[in-house]
Amino acid sequence: MKLNLLIIFFSLLFFLGCKKENLEKEIDLFNYEPRIKKIIGYQPNESPETGIIAAEYEYDSYNRIYKINKPKYENDEITGIKEYDLYKYNSKGHLIKIENYRYLSQLEIIRTTVFTYSEKGEKIREFVEYTAEETTYKYSYLYKNDLLIRKESFKNDEFRAYVTYEYNNKNFLIKETTFDHKDKMYGYTIYHYHVDLNIQSDIYYWYGDEIQKVREEIKTYDEKNRLFTIESSYVVPSSNFNWARKYEYYD
(Lines give C-alpha, C1' and ligand atoms only; values in the text may rest on other atoms or scores of the structure.)
Protein backbone atom coordinates (compact mmCIF):
# COMPACT_ATOMS: atom_id res chain seq x y z
CA MET A 1 0.00 0.00 0.00
CA LYS A 2 2.73 2.45 0.94
CA LEU A 3 4.70 1.62 -2.18
CA ASN A 4 1.63 2.35 -4.29
CA LEU A 5 1.31 5.72 -2.57
CA LEU A 6 4.90 6.53 -3.44
CA ILE A 7 4.40 5.58 -7.09
CA ILE A 8 1.34 7.82 -7.25
CA PHE A 9 3.24 10.68 -5.66
CA PHE A 10 6.19 10.44 -8.02
CA SER A 11 3.75 10.31 -10.94
CA LEU A 12 2.23 13.47 -9.55
CA LEU A 13 5.61 15.18 -9.39
CA PHE A 14 6.18 14.32 -13.06
CA PHE A 15 2.76 15.74 -13.95
CA LEU A 16 3.41 18.89 -11.97
CA GLY A 17 6.71 19.33 -13.75
CA CYS A 18 4.63 20.50 -16.69
CA LYS A 19 2.65 22.84 -14.43
CA LYS A 20 5.34 24.07 -12.13
CA GLU A 21 4.25 27.66 -12.46
CA ASN A 22 1.12 26.78 -10.45
CA LEU A 23 3.19 25.68 -7.49
CA GLU A 24 5.29 28.80 -7.77
CA LYS A 25 2.13 30.86 -7.35
CA GLU A 26 1.26 28.98 -4.15
CA ILE A 27 4.79 28.47 -2.85
CA ASP A 28 7.94 30.00 -4.23
CA LEU A 29 9.84 26.72 -4.03
CA PHE A 30 13.14 28.48 -4.69
CA ASN A 31 12.84 31.20 -2.06
CA TYR A 32 10.14 30.17 0.37
CA GLU A 33 10.58 31.73 3.81
CA PRO A 34 8.88 28.97 5.86
CA ARG A 35 11.31 26.29 4.76
CA ILE A 36 9.71 23.01 3.75
CA LYS A 37 11.19 20.09 5.66
CA LYS A 38 9.42 17.16 4.03
CA ILE A 39 6.38 16.19 1.99
CA ILE A 40 4.21 13.28 3.09
CA GLY A 41 2.15 11.40 0.49
CA TYR A 42 -1.10 9.78 1.60
CA GLN A 43 -4.55 8.74 0.35
CA PRO A 44 -7.36 11.33 0.32
CA ASN A 45 -9.92 10.95 3.11
CA GLU A 46 -7.31 9.19 5.25
CA SER A 47 -5.15 10.64 7.98
CA PRO A 48 -1.80 12.08 6.82
CA GLU A 49 -0.30 9.99 9.59
CA THR A 50 -0.92 6.92 7.39
CA GLY A 51 1.30 8.34 4.65
CA ILE A 52 4.97 8.03 3.76
CA ILE A 53 7.81 10.44 3.17
CA ALA A 54 7.90 11.32 -0.51
CA ALA A 55 10.52 14.08 -0.43
CA GLU A 56 12.90 15.70 2.06
CA TYR A 57 14.48 19.14 1.61
CA GLU A 58 17.98 20.42 2.37
CA TYR A 59 19.01 24.10 2.35
CA ASP A 60 22.22 26.06 1.87
CA SER A 61 23.59 28.77 4.14
CA TYR A 62 21.32 31.31 2.42
CA ASN A 63 18.20 29.24 3.28
CA ARG A 64 17.72 28.34 -0.38
CA ILE A 65 16.76 24.85 -1.43
CA TYR A 66 19.97 22.97 -2.12
CA LYS A 67 18.81 19.37 -2.46
CA ILE A 68 15.56 17.40 -2.57
CA ASN A 69 15.88 13.72 -1.67
CA LYS A 70 13.31 11.12 -2.72
CA PRO A 71 13.63 7.94 -0.65
CA LYS A 72 13.86 4.35 -1.75
CA TYR A 73 11.45 1.91 -0.11
CA GLU A 74 11.66 -1.84 0.42
CA ASN A 75 8.88 -3.62 2.32
CA ASP A 76 7.47 -0.24 3.32
CA GLU A 77 10.76 0.81 4.91
CA ILE A 78 13.19 3.49 3.74
CA THR A 79 16.43 1.82 2.69
CA GLY A 80 18.21 4.76 1.07
CA ILE A 81 17.81 7.49 -1.54
CA LYS A 82 16.19 6.58 -4.85
CA GLU A 83 16.91 9.89 -6.55
CA TYR A 84 17.64 13.51 -5.74
CA ASP A 85 17.62 16.98 -7.28
CA LEU A 86 20.48 19.46 -6.90
CA TYR A 87 19.67 23.19 -7.10
CA LYS A 88 22.25 25.70 -8.32
CA TYR A 89 22.06 29.51 -8.20
CA ASN A 90 23.84 32.45 -9.79
CA SER A 91 25.42 35.41 -8.01
CA LYS A 92 22.04 37.22 -7.98
CA GLY A 93 20.40 34.34 -6.16
CA HIS A 94 18.39 33.17 -9.15
CA LEU A 95 17.91 29.44 -9.59
CA ILE A 96 19.75 28.63 -12.82
CA LYS A 97 19.95 24.83 -12.88
CA ILE A 98 18.34 21.72 -11.43
CA GLU A 99 20.12 18.41 -11.91
CA ASN A 100 18.17 15.22 -11.32
CA TYR A 101 20.19 12.14 -10.28
CA ARG A 102 18.90 8.60 -9.92
CA TYR A 103 20.41 5.42 -8.57
CA LEU A 104 20.07 2.73 -11.24
CA SER A 105 22.93 0.27 -11.62
CA GLN A 106 24.97 3.27 -10.55
CA LEU A 107 24.32 6.94 -9.85
CA GLU A 108 23.34 8.63 -13.13
CA ILE A 109 22.21 12.10 -14.08
CA ILE A 110 18.76 11.74 -15.64
CA ARG A 111 17.58 15.25 -16.36
CA THR A 112 18.98 18.78 -16.43
CA THR A 113 16.82 21.89 -16.32
CA VAL A 114 18.35 25.31 -17.05
CA PHE A 115 16.64 28.64 -16.35
CA THR A 116 17.25 32.07 -17.95
CA TYR A 117 16.14 35.40 -16.49
CA SER A 118 15.49 38.92 -17.73
CA GLU A 119 17.24 42.00 -16.36
CA LYS A 120 14.23 42.41 -14.04
CA GLY A 121 14.79 38.96 -12.62
CA GLU A 122 11.79 37.34 -14.32
CA LYS A 123 12.19 33.77 -15.51
CA ILE A 124 11.88 33.97 -19.30
CA ARG A 125 13.16 30.61 -20.53
CA GLU A 126 13.45 27.04 -19.33
CA PHE A 127 15.37 24.29 -21.09
CA VAL A 128 14.91 20.62 -20.13
CA GLU A 129 17.20 17.88 -21.41
CA TYR A 130 17.14 14.16 -20.63
CA THR A 131 20.46 12.35 -20.73
CA ALA A 132 19.11 9.18 -22.35
CA GLU A 133 16.92 10.97 -24.92
CA GLU A 134 17.55 13.15 -27.92
CA THR A 135 14.33 15.03 -27.20
CA THR A 136 14.56 18.47 -25.60
CA TYR A 137 11.83 20.59 -24.09
CA LYS A 138 11.78 24.37 -23.96
CA TYR A 139 9.42 26.81 -22.26
CA SER A 140 9.16 30.56 -22.79
CA TYR A 141 7.51 32.88 -20.26
CA LEU A 142 5.87 36.20 -21.16
CA TYR A 143 4.92 38.91 -18.64
CA LYS A 144 2.78 42.03 -18.47
CA ASN A 145 2.85 44.44 -15.54
CA ASP A 146 5.13 42.01 -13.67
CA LEU A 147 2.59 39.17 -14.00
CA LEU A 148 3.06 35.96 -15.96
CA ILE A 149 0.47 36.00 -18.76
CA ARG A 150 1.63 33.29 -21.16
CA LYS A 151 3.81 30.18 -21.18
CA GLU A 152 4.81 28.58 -24.49
CA SER A 153 5.98 24.96 -24.82
CA PHE A 154 8.34 23.56 -27.45
CA LYS A 155 9.49 20.02 -28.18
CA ASN A 156 12.71 19.83 -30.23
CA ASP A 157 12.19 23.52 -31.10
CA GLU A 158 8.71 22.80 -32.47
CA PHE A 159 5.94 24.91 -30.95
CA ARG A 160 3.45 22.55 -29.28
CA ALA A 161 1.17 24.37 -26.84
CA TYR A 162 0.70 27.43 -24.67
CA VAL A 163 -0.98 28.47 -21.42
CA THR A 164 -2.58 31.84 -20.63
CA TYR A 165 -3.04 33.27 -17.14
CA GLU A 166 -5.70 35.59 -15.72
CA TYR A 167 -5.69 37.48 -12.41
CA ASN A 168 -8.09 39.30 -10.12
CA ASN A 169 -7.73 42.88 -8.83
CA LYS A 170 -5.36 41.63 -6.13
CA ASN A 171 -3.11 40.04 -8.77
CA PHE A 172 -4.01 36.53 -7.59
CA LEU A 173 -4.10 33.87 -10.28
CA ILE A 174 -7.76 32.97 -10.93
CA LYS A 175 -7.65 31.09 -14.23
CA GLU A 176 -5.18 29.35 -16.49
CA THR A 177 -6.14 28.00 -19.90
CA THR A 178 -4.20 25.55 -22.07
CA PHE A 179 -4.25 25.59 -25.89
CA ASP A 180 -2.54 23.54 -28.57
CA HIS A 181 -0.38 25.09 -31.27
CA LYS A 182 -3.50 25.65 -33.43
CA ASP A 183 -5.28 27.57 -30.67
CA LYS A 184 -7.62 24.71 -29.78
CA MET A 185 -8.38 24.79 -26.07
CA TYR A 186 -7.37 21.70 -24.10
CA GLY A 187 -8.90 22.82 -20.83
CA TYR A 188 -8.63 25.29 -17.97
CA THR A 189 -8.21 25.59 -14.21
CA ILE A 190 -10.18 27.92 -11.92
CA TYR A 191 -8.63 29.05 -8.61
CA HIS A 192 -10.78 29.93 -5.59
CA TYR A 193 -9.63 32.01 -2.62
CA HIS A 194 -10.64 32.68 0.96
CA VAL A 195 -8.92 35.45 2.91
CA ASP A 196 -6.27 35.61 0.16
CA LEU A 197 -5.49 31.89 0.39
CA ASN A 198 -6.04 29.52 -2.53
CA ILE A 199 -8.36 26.93 -0.99
CA GLN A 200 -9.59 25.11 -4.09
CA SER A 201 -8.66 24.54 -7.73
CA ASP A 202 -11.14 23.12 -10.24
CA ILE A 203 -9.68 21.51 -13.37
CA TYR A 204 -11.75 21.27 -16.55
CA TYR A 205 -10.90 19.30 -19.71
CA TRP A 206 -12.65 17.89 -22.73
CA TYR A 207 -14.57 14.76 -21.76
CA GLY A 208 -16.56 13.30 -24.64
CA ASP A 209 -17.82 16.22 -26.69
CA GLU A 210 -17.91 18.86 -23.95
CA ILE A 211 -15.76 20.56 -21.35
CA GLN A 212 -16.35 19.10 -17.90
CA LYS A 213 -14.85 19.43 -14.46
CA VAL A 214 -12.63 16.37 -14.13
CA ARG A 215 -10.63 17.04 -10.98
CA GLU A 216 -10.58 19.27 -7.92
CA GLU A 217 -7.86 20.09 -5.45
CA ILE A 218 -8.67 21.14 -1.89
CA LYS A 219 -6.02 22.95 0.15
CA THR A 220 -5.75 23.60 3.87
CA TYR A 221 -3.37 25.86 5.80
CA ASP A 222 -1.86 25.87 9.27
CA GLU A 223 -2.12 28.63 11.88
CA LYS A 224 0.77 30.48 10.18
CA ASN A 225 -1.05 30.41 6.80
CA ARG A 226 1.46 27.91 5.45
CA LEU A 227 0.18 25.34 2.98
CA PHE A 228 -0.59 22.26 5.08
CA THR A 229 -2.39 19.72 2.87
CA ILE A 230 -3.55 19.28 -0.71
CA GLU A 231 -6.07 16.61 -1.63
CA SER A 232 -6.78 15.96 -5.31
CA SER A 233 -9.74 13.87 -6.46
CA TYR A 234 -11.08 13.05 -9.91
CA VAL A 235 -14.73 13.88 -10.55
CA VAL A 236 -15.26 12.73 -14.16
CA PRO A 237 -14.38 10.10 -15.12
CA SER A 238 -14.19 8.19 -11.86
CA SER A 239 -10.61 7.22 -11.14
CA ASN A 240 -8.48 5.61 -8.47
CA PHE A 241 -5.69 8.05 -9.31
CA ASN A 242 -6.43 10.35 -6.39
CA TRP A 243 -3.66 11.71 -4.24
CA ALA A 244 -2.90 13.85 -1.23
CA ARG A 245 0.17 15.36 0.35
CA LYS A 246 1.05 17.10 3.58
CA TYR A 247 3.78 19.70 4.07
CA GLU A 248 6.02 19.83 7.12
CA TYR A 249 8.26 22.81 7.85
CA TYR A 250 11.34 23.85 9.74
CA ASP A 251 10.02 26.20 12.44
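The values are calculated or read from the model by the stated rules, or taken from the named source; none is laboratory data. Everything quoted here is computed from the prediction, not taken from an experiment. Here Cβ is always computed from backbone atoms with ideal geometry, including for glycine, and neighbour counts include all displayed protein chains.
Remarks
- For E58, the conditions (1) at pLDDT 95 or above; (2) surrounded by 15 or more Cβ atoms within 10 Å (Cβ to Cβ) all hold with the exception of (2).
- If you filter region 61-88 down to residues that are at positive phi and without any contact (Cβ under 8 Å) to a residue 40 or more places away in the chain, you find that the one that is surrounded by the most Cβ atoms within 10 Å (Cβ to Cβ) is N63.
Matching residues to (1) farther than 20 Å from E248 by Cα; (2) of a type in the set (F, W, Y):
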{"position": "E46", "(1), (2)": "no, no"}
{"position": "I52", "(1), (2)": "no, no"}
{"position": "Y57", "(1), (2)": "no, yes"}
{"position": "N63", "(1), (2)": "no, no"}
{"position": "K67", "(1), (2)": "no, no"}
{"position": "K70", "(1), (2)": "no, no"}
{"position": "D76", "(1), (2)": "yes, no"}
{"position": "T79", "(1), (2)": "yes, no"}
{"position": "D85", "(1), (2)": "no, no"}
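- For region 217-236, the set of residues classified as touching a strand residue (DSSP E or B) at 6+ places or on another chain (Cβ under 7 Å) and in a loop (DSSP other than H, G, I, E, B) consists of D222, N225, R226, V235, V236, listed by residue number.
- Subset of region 191-234 that is small (G, A, S) and farther than 21 Å from Y165 by Cα - its residue that is surrounded by the most Cβ atoms within 10 Å (Cβ to Cβ): S232
- Annotation: I124 fulfils all but one of (1) touching a strand residue (DSSP E or B) at 6+ places or on another chain (Cβ under 9 Å); (2) more than 29 Å from Y62 (Cβ to Cβ); the unmet one is (2).
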